Amino acid sequence: MSPHYWPYFLADYYHWLEIGGVIVAVLILISSVDDLFVDAWFWIRKFYRRFFMRRYPPLTAEAIRAAREKPLAIMVPAWLEYDVIAPMLESMVGTLEYKNYMIFVGTYRNDDRTKNEVERMRRRYRQLVRVEVPHDGPTCKADCLNWIVQAILAQNQRQPEPFAGVVLHDSEDLLHPLELKYYNYLLPKVDFIQLPVTSIERHWYELVAGTYMDEFAEWHTKDLVVRESMSRMVPSAGVGTCFSRKAMEYLSQETNNHPFNTDTLTEDYDVGARLARMGMKQIFGRFLVEHTTRRQTWFGFGPEKSETKKLPLDIREYFPNTFKTAYRQKARWTLGIGLQGWTQVGWKGSLATKYLLFRDRKGLVTSFVAIAGYFLLLNFLAFWAADRLGIWHTYFPSRFSPAGWVGTLILLNACALLLRTAQRAFFVQRLYGWEHAVLSAPRMVIGNFVNAMAAARAWKLFIGHLMTGKRLAWDKTMHDFPSADQLVQQRQTLGQLLLNWRVINDEQLENALSRQQQLGLPLGKILVDTEALDEATLQEAISYQQYVDEVSRPAPLAAEVSR
């Protein structure tokens, strides 16, 4: 291009930047009004319940512990989970106070490493059942869950009392000791229970993983509360979800014993909507328990601090910590909730339900609007800097006066952004402290880029599916689980450990303890001599106790510890 035309070209470019800026600002304002409506609903509801609603005595841990333990089943679908499934099962069995439960882990026939790990755990835990999907993986999570449900229904026929509830977990979940006690207390009065899900605390410099901390802290403290209040419908988060026996039977009858929808990648979201249409009672559980954390203060450079807070009973897990793994995981969520949900669910339901469907799907567009806003901002800053430095002064007359409605639009968006940032920081601070609250603002920018890439990938996969007819498969996200020294291990006596493993019962333990008082022999030897226990399991239990002693001796260095 001739140097003579450069001033006119750039002036014209700036002119189109102004038009684009106004369009983007209008779209941001529309999205901001939507967010402000949810904010207002949450805070007004909270204020009203605090000062005007009749107060009832809060549910206590003693009350849920006192309820008779009904049999419960835990479902864990596993595809290429060989690196986390064993420690997750160890943590689950060692953590839960509940005794009357069984764990059903679904594996694929072409995933030998995961199968071997589950079989190793099955030899230890008598309440563990491995369910093999009779075809190669990956398919989708719903397919794996459906085969687990078949095993649960078959087990119901073999035991005197059928399972009162079925609990859904993933192989990276960190459970609270009272989780099953809470479900047990509510069943069968409630058909669907969803607990909050939060991220295990990460280091301050793990910025991508930090976006999950921020988003889930706000979503599962505010947004899901509003959703339940507005529509009486609670979407499953895919973990920390309990279905009553009635709910699972209704879902199975509706779909010929395949309760989970294999035509979507977000079967959890789908199943919550279907139960709502059936009129099932759904709740978002908010039961306060004590959470104890130890963290390095001042962004990891200060002294270690231990504190105990009253926070909701929740499920904690590690989320991806790289940009690629994060946007690929979120692309699956966006694809299932936004695009597949649009085609399968449509816009059915009440006005409140349709509004919430709009919120679920607006990210398909607004994710790109945020990136366009960053692009425009950088361009305007570049032109401003050039003007201040005296190297550029050529502009066409502007159609938009800063003193007019455009200036008001920009001011409103700035106020909305400040409010959004302050609220995000508030919810993050409650869970993770002021350091992460400060970091939540810059992490919002990173989160916007992750969400934009996720939306782009979701659109790409969905359009490819429509054009080729190729089935959308389980896009695997590799998981992490807290290492042994990141968890406070509670050492159990040999007898208690064997009871938790379900290798002996209460009567056998009482008889062995009685004989131990008479003979003075080791408990393990008595159990082996009376054929209540085999030697291999005894040695494994002793080795496990020694392992717990070793990892519990030093002080935990990680931010997240036991609760």
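The values are calculated or read from the model by the stated rules, or taken from the named source; none is laboratory data. The shown structure was predicted, so the numbers you read here are calculated from the model rather than taken from an experiment. Cβ sites come from the backbone with ideal geometry, for glycine too, and all protein chains shown count toward neighbours.
Listing for the model above:
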| item | result |
| --- | --- |
| Test: residue in region 156-173 that is more than 23 Å from VAL76 (Cβ to Cβ), out of contact with any Gly (no Cβ under 8 Å at 6 or more places or on another chain), surrounded by fewer than 22 Cβ atoms within 10 Å (Cβ to Cβ) and in contact (Cβ under 8 Å) with a residue 60 or more places away in the chain | no |
| From LYS222, LYS189, residue being under 20 Å from ALA422 (Cα atoms) and either touching an Asp or Glu at 6+ places or on another chain (Cβ under 9 Å) or among the charged types (D, E, K, R) (or both) | LYS222 |
| Qualifying position, being surrounded by fewer than 17 Cβ atoms within 10 Å (Cβ to Cβ), modelled with pLDDT of 80 or more and over 30 Å from VAL365 (Cα atoms), among LEU523, LEU513, LEU527, LEU466 | LEU513 |
| Residue count for region 395-444, restricted to those that are of a type in the set (A, V, I, L, M) and assigned to a loop (DSSP other than H, G, I, E, B) | 1 |
| Test for LYS324: is it without any contact (Cβ under 8 Å) to a residue 12 or more places away in the chain and over 19 Å from the mean Cα position of the chain (by Cα) | no |
| Output for region 346-393, where each listed residue is closer than 19 Å to LEU409 by Cα and under 27 Å from the mean Cα position of the chain (by Cα) | THR366, VAL369, ALA370, ILE371 |
| Enumeration of residues in region 199-255 that are touching a helix residue (DSSP H, G or I) at 6+ places or on another chain (Cβ under 7 Å), buried (at least 19 other Cβ atoms within 10 Å of the Cβ) and among the small types (Gly, Ala, Ser) | SER199, GLY210, ALA217, SER231, SER236, ALA237, GLY238, ALA247 |
| From TYR98, TYR108, residue being aromatic (Phe, Trp, Tyr), more than 17 Å from VAL166 (Cβ to Cβ) and touching a strand residue (DSSP E or B) at 6+ places or on another chain (Cβ under 8 Å) | TYR108 |
| Given (1) surrounded by 19 or more Cβ atoms within 10 Å (Cβ to Cβ); (2) part of a loop (DSSP other than H, G, I, E, B), index of the condition VAL76 fails | (2) |
| Contacts under 7 angstrom Cβ, first residue in region 234-260 being without any contact (Cβ under 8 Å) to a residue 40 or more places away in the chain, partner in a helix (DSSP H, G or I) and of a type outside the set (A, V, I, L, M, F, W, C), 6 or more apart | LEU251/ARG274 |
| Residue list for region 79-103, restricted to those being among the aliphatic types (A, V, I, L, M) and in a loop (DSSP other than H, G, I, E, B) | LEU80, VAL84, LEU96 |
| Residue in region 398-409 that is of a type in the set (Lys, Arg), under 30 Å from LEU311 (Cβ atoms) and in contact with a helix residue (DSSP H, G or I) (Cβ under 9 Å, 6 or more places away or on another chain) present | no |
| Options ASN116, ASN110: the member that is free of Cβ contacts under 8 Å to residues at least 60 places away in the same chain, assigned to a loop (DSSP other than H, G, I, E, B) and farther than 18 Å from PRO259 by Cβ | ASN110 |
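A quick yes/no check of all residues on (1) farther than 21 Å from GLU540 by Cα; (2) surrounded by fewer than 16 Cβ atoms within 10 Å (Cβ to Cβ):
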residue: PHE51; (1), (2): yes, yes
residue: ARG54; (1), (2): yes, yes
residue: ALA61; (1), (2): yes, no
residue: ALA66; (1), (2): yes, yes
residue: MET92; (1), (2): no, no
residue: TYR108; (1), (2): yes, no
residue: ARG120; (1), (2): no, yes
residue: THR139; (1), (2): yes, no
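Residue-by-condition table, conditions (1) within 24 Å of LYS362 (Cβ to Cβ); (2) in contact with a Leu (Cβ under 6 Å, 6 or more places away or on another chain); (3) at pLDDT 90 or above:
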{"site": "MET1", "(1), (2), (3)": "no, no, no"}
{"site": "TYR14", "(1), (2), (3)": "no, no, no"}
{"site": "VAL26", "(1), (2), (3)": "yes, no, yes"}
{"site": "LEU72", "(1), (2), (3)": "no, yes, yes"}
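Table: residues versus (1) surrounded by 17 or more Cβ atoms within 10 Å (Cβ to Cβ); (2) within 30 Å of HIS291 (Cα to Cα); (3) touching a residue at least 60 places away in the same chain (Cβ under 8 Å).
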{"position": "GLY346", "(1), (2), (3)": "no, no, no"}
{"position": "LYS354", "(1), (2), (3)": "no, no, no"}
{"position": "TRP384", "(1), (2), (3)": "no, no, no"}
{"position": "ARG388", "(1), (2), (3)": "no, no, no"}
{"position": "TRP405", "(1), (2), (3)": "no, no, no"}
{"position": "LEU409", "(1), (2), (3)": "yes, no, yes"}
{"position": "ASN413", "(1), (2), (3)": "yes, no, yes"}
{"position": "GLN423", "(1), (2), (3)": "yes, yes, yes"}
